[in-house]
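Visitor: Pasting a structure here, questions to come.
The values are calculated or read from the model by the stated rules, or taken from the named source; none is laboratory data. Remember, predicted model here, so these are calculated numbers, not experimental data. Neighbour counts run over all protein chains shown; Cβ positions are idealised from the backbone, glycine included.
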Amino acid sequence: MTDPLKAFMQANALSAPAFPPDSRYHGLETAQWSRPDGEPVSYVRRRFIPPPEQHALLHEYRIEQGDRPDSVAAKQLGDAEQYWRLCDANAVLRPSELTETLGQRIRITLPAGVPGGKDVG
């Protein structure tokens with residue numbers, strides 16, 4: 001005889017998200033592709049970078065000698081792994097572009113879609 005509670009739980013199982021809420025991949029679907037030998041390969045579906053105007057500006061930061069994307073994220077956002085938020089807010093595809101020019105000003109923003117911040121004139 002089948003346990004009805006166990007059957008219900010299996011049929012209605014909630015799956016844990018593949019990526020944590022602070023990941024650039026949070027909320028994206030995963031898919032599988034099969035190699036010619038039949039071995040499945042999981043991958044993340046395409047992520048579209050939100051337009052910079054969807055990021056509420058907190059302030060700007062001037063790049064200094066020795067800055068790296070992760071070190072700027074650690075100083076400005078409190079988490080080195082959030083460098084991708086800086087990339088998104090500044091429409092940068094290669095993280096190193098954020099810090100390759102001394103004196104360059106980059107935008108420090110709230111995550112895309114979060115209202116708030118201020119305008120910098």
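Visitor: State the number of residues belonging to the stretch 93-121 that are crowded, with 18+ Cβ neighbours inside 10 Å and β-branched (Val, Ile, Thr).
Guide: 4
Visitor: I'd like the full set of residues that are β-branched (Val, Ile, Thr) and under 20 Å from the mean Cα position of the chain (by Cα), limited to the stretch 44-64. Give the derivation first.
Guide: Taking the stretch 44-64 and keeping what is β-branched (Val, Ile, Thr), we get 44, 49, 63.
Once the filter is applied, which keeps residues that are β-branched (Val, Ile, Thr) and under 20 Å from the mean Cα position of the chain (by Cα), the stretch 44-64 yields 44, 49.
Visitor: Sticking with this one: Considering only the stretch 99-118, how many residues are touching a strand residue (DSSP E or B) at 6+ places or on another chain (Cβ under 6 Å) and aliphatic (A, V, I, L, M)?
Guide: Qualifying residue count, the stretch 99-118: 2.
Visitor: Determine, yes or no, whether residue 67 is surrounded by 12 or more Cβ atoms within 10 Å (Cβ to Cβ) and over 15 Å from the mean Cα position of the chain (by Cα).
Guide: Details: surrounded by 12 or more Cβ atoms within 10 Å (Cβ to Cβ): yes; over 15 Å from the mean Cα position of the chain (by Cα): yes.
Taking the combined requirement at face value, the residue satisfies it.
Visitor: So residue 97 ticks every box in (1) within 13 Å of the chain's Cα centre (by Cα); (2) part of a helix (DSSP H, G or I) but one. Which box is left unticked?
Guide: Condition (1) is where residue 97 drops out.
Visitor: If we keep just the residues of the stretch 18-42 that are in a strand (DSSP E or B) and among the hydroxyl-bearing types (Ser, Thr, Tyr), which is surrounded by the most Cβ atoms within 10 Å (Cβ to Cβ)? Spell out the reasoning first.
Guide: Step one: list which residues in the stretch 18-42 are in a strand (DSSP E or B), which gives 30-34, 40-42.
Now drop any that are not among the hydroxyl-bearing types (Ser, Thr, Tyr), which leaves 30, 34, 42.
Working: 30: 11, 34: 9, 42: 9.
By that ranking, first place goes to 30.
Visitor: What is the residue count in the stretch 52-88 for residues that are in contact (Cβ under 8 Å) with a residue 40 or more places away in the chain and farther than 13 Å from residue 110 by Cβ?
Guide: Within the stretch 52-88, residues that are in contact (Cβ under 8 Å) with a residue 40 or more places away in the chain and farther than 13 Å from residue 110 by Cβ number 7.
Visitor: Something else: If you go through the stretch 70-83 one residue at a time, how many are surrounded by fewer than 18 Cβ atoms within 10 Å (Cβ to Cβ) and aromatic (Phe, Trp, Tyr)?
Guide: 0
Visitor: Still on this structure, I have one more. Which of (1) part of a loop (DSSP other than H, G, I, E, B); (2) closer than 19 Å to residue 23 by Cβ does residue 103 not meet, given it meets every other one?
Guide: Here residue 103 clears every test but (2).
Visitor: Would you mind telling me which numbered condition in (1) modelled with pLDDT of 95 or more; (2) in contact with a Pro (Cβ under 8 Å, 6 or more places away or on another chain); (3) farther than 15 Å from residue 59 by Cα residue 97 fails?
Guide: All conditions pass for residue 97, except number (2).
Visitor: I need the full set of residues from the stretch 43-58 which are part of a strand (DSSP E or B) and either modelled with pLDDT under 90 or touching a helix residue (DSSP H, G or I) at 6+ places or on another chain (Cβ under 7 Å) (or both), in order please.
Guide: Taking the stretch 43-58 first, the residues part of a strand (DSSP E or B) are 43-44, 57-58.
Matches in the stretch 43-58: 43, 44.
Visitor: Can you report the number of residues in the stretch 55-93 which are among the charged types (D, E, K, R) and under 17 Å from residue 23 (Cα atoms)? Working first, answer last.
Guide: Taking the stretch 55-93 first, the residues among the charged types (D, E, K, R) are 60, 62, 64, 67-68, 70, 75, 79, 81, 85, 88.
Then drop every residue that is not under 17 Å from residue 23 (Cα atoms), which leaves 70, 79, 81, 85, 88.
Matching residues across the stretch 55-93 total 5.
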